[in-house]
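What follows is one structure encoded as structure tokens, with my remarks underneath.
The values are calculated or read from the model by the stated rules, or taken from the named source; none is laboratory data. Small disclaimer: the values here were computed from a predicted structure and weren't measured. We place every Cβ from the backbone using ideal geometry, glycine too, and count neighbours over all the protein chains shown.
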Amino acid sequence: MNVAAEAFAERHATPPAAGSETVVHARALTKRYKNAVALDGADFEVGSGRIVGLIGPNGAGKTTALKAILGLTDFEGELSVLGMDPRRERPQLMREVCFIADVATLPRWIRVHEAIDFVAGVHPRFDRAKCERFLARTKLQANQKVREMSKGMIVQLHLAIVMAIDARLLVLDEPTLGLDILYRKQFYQSLLEDYFDENKTILITTHQVEEVEHILTDLLFIRDGKVALGTTMDEMGARFAEVLVNADKVEAARALKPIDERGAVFGKSVFLYDSADPEQLAQLGEVKRPSVSDLFVAIMKGTYA
Amino acid sequence: MNAIAKSPFAWLLKREYWESRRGFLWAQVTAAGVILAITILGIIAGEVFRARMGVNMSVHMGAANLNEMLRSASAHDINALVKGLDMTLLLFGFISSVVLFFVVFFYLLGALYDDRRDRSILFWKSLPISDTATVVSKVIAAVIIAPLIAVVVTLAGYIGAQIIVSLWFLAHGVNPFGLLWAHSEPFSLWLHLLVMVVVNAVWALPTVGWLLVWSAAVRSKPFLWAVVIPIVAGVLNFWVGLLGLPNVDSRFFWGNLVGRALLSVIPASWVAPDALSHGVDFVGSDQLAAISYSSMAHAFALPQMWIGAIVGIALIAAAIWFRRWRDEA
């Protein structure tokens, strides 16, 4: 990790402002495997009515964190989800939590109508009519088996089932991996238009940061099993700034302690600042809000080095 | 009843049936269908031979024809006919049991493994169902649902065979009702087979538990683990005995440990230890006595029954634990 980013991470590893109610509360969340530490004392809060992006490089502990939240793995530290302990109260918890882990985890032998009958039979908060309305918009047939569907169609079915469940927390782990662009856009659009409201919370991990950037309300950057940054998108816009600096002002720009510097076209450089004085920055050049991916790259610098 | 059929647990059972319909139902139907087809082919072959041989045969048989023969059948012959019907039922039951053994054995090995391999476990685990309910539903599917389907198909096949033979009799002008149907007792048969399902279920528990544990625990190849470990243990035990070192009696080891871990899901396999100690004659006339009610009652008096059941339940509990905490990292 470069020095600037390290200092940055230490100053700002604070939890994001939570909504009216805490949905996930984690303190010193730790998970050790035989040869590796997947989570190393992570602290974070997720408030209700938020769409949180859990973002980190491969092996940073994203999936382990999700598994702990879903009660799929044991852990050390403190973790409560909707006020419940996911280890001890998993069946009750799953009435209020849904998840789509990866693409295509629906069993290949099941037919559309069997999947719907089954979920309707076992899930007290499933709204069958709603699910059928969602399916009516797709080309899926009631008698079709999952093994006869494309990846995109499987996700459509899974999403129709999950969106018809009145859950308070929806966990998505790489939900669009390997899908073509049409299905990916449709996926997030459906979630926003037909599912999300102030009583629901969505927790997403993905590598395709650009794709979710515009729907997130909160960011959780995770690195080496720790939360490197937890912020709302609004705070992020207020705190971080990107400046396009001409070659002649580079020294002045460096003097303001940027957290990242990268080259741009025509000999210009792009500097990324955390909590710098906006007036000073304006004198250096054109100021804009950094993209999540640029911020991510700056904070994760040196991860693979 | 309706409330039970709509309970979440009933849906778990339905799910098991949907997933394994091919083995639970269609394998049985196919087996019964093959026996029926062979019966029909046999009757046709008999008719063709008779037509070709014509008069010759009737002379040899001392009766004008089959009609005469059946009409003049004595009480002794009718007794033999009833035995023949029993044999038909045994044949259906035997074939159905062989099919059921293979289906249930591989069902159990895959029950907690296949969905881990194709990752659909993540879908099942996203629903509000406890792992205990999931595993218990698979146990019930293996020891109750699949055998009940086998019983229904066996009886349907048996009745089908009777109908075919009845038609054959009718074709020869013989009334089948007095001969065939008066001596068959479908309802007592039903009851008998249903009671046997329960005895089989309790007896099967150690194998059910053993296979489910490996199905839930291993990362790959549950068949190898489940089968190779007991066999290697049996061979080692025998080898230790050969060296003259202290070991478990080999017959006990194979019969009560290896056999119970792998083969207890064979229907009516509790007959073996019971019958051996009581000298039931399998080859003679008393095939059905081996699975009589008193024989079943006796099976419940065997320590093997109860010790096996306790071990089986402990293994099922272990499978539930693995299902809950096995981390697919």
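Considering the range A:85-110, the residues that are surrounded by fewer than 17 Cβ atoms within 10 Å (Cβ to Cβ) and more than 22 Å from A:F187 (Cα to Cα) include one that is farthest from the other protein chains (Cβ to nearest Cβ), namely A:D85.
Please count how many residues of the range A:62-93 are assigned to a loop (DSSP other than H, G, I, E, B) and under 18 Å from A:P175 (Cβ atoms).
2
Residue-by-condition table, conditions (1) under 27 Å from the mean Cα position of the chain (by Cα); (2) part of a helix (DSSP H, G or I); (3) at pLDDT 95 or above:
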residue	(1), (2), (3)
A:V119	yes, yes, yes
A:M153	yes, yes, no
A:L170	yes, no, yes
A:L177	yes, no, no
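Taken together, the residues in the range B:102-131 that are more than 14 Å from chain A (Cβ to nearest Cβ) and out of contact with any Pro (no Cβ under 7 Å at 6 or more places or on another chain) amount to 6. Can you say whether A:A298 is touching a residue at least 24 places away in the same chain (Cβ under 8 Å) and over 30 Å from A:A167 (Cβ atoms), as far as the supplied structure shows? Yes, satisfied.
Residues are listed down the side, and each one gets a yes or a no for (1) within 22 Å of the chain's Cα centre (by Cα); (2) within 12 Å of chain B (Cβ to nearest Cβ); (3) among the aliphatic types (A, V, I, L, M); (4) surrounded by fewer than 15 Cβ atoms within 10 Å (Cβ to Cβ):
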residue	(1), (2), (3), (4)
A:V46	yes, no, yes, no
A:I51	yes, no, yes, no
A:G61	yes, yes, no, no
A:V112	no, no, yes, no
A:V122	no, yes, yes, no
A:L140	no, no, yes, no
A:Q156	yes, no, no, no
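Listed by position, the strands (runs of 3 or more DSSP E) inside the range A:212-305 whose residues that are crowded, with 16+ Cβ neighbours inside 10 Å number at least 3 are A:218-223, A:226-232, A:240-245, A:269-274.
Which residues, taken from the range B:132-141, are crowded, with 21+ Cβ neighbours inside 10 Å and within 11 Å of another protein chain (Cβ to nearest Cβ)? Listed by number, the residues that qualify are B:T134, B:S137.
If the condition is being modelled with pLDDT of 55 or more and not in a strand (DSSP E or B), then the range A:1-42 contributes A:S20, A:E21, A:Y33, A:K34, A:N35, A:A36. Scanning the range A:163-180 for residues that are more than 14 Å from chain B (Cβ to nearest Cβ) and not acidic (D, E) turns up at least one hit. Would you check which residues across the range A:67-83 are free of Cβ contacts under 8 Å to residues at least 60 places away in the same chain, within 12 Å of chain B (Cβ to nearest Cβ) and crowded, with 18+ Cβ neighbours inside 10 Å and list them? A:K67, A:A68, A:G71, A:L72, A:T73, A:F75 - these are the residues of the range A:67-83 that are free of Cβ contacts under 8 Å to residues at least 60 places away in the same chain, within 12 Å of chain B (Cβ to nearest Cβ) and crowded, with 18+ Cβ neighbours inside 10 Å.
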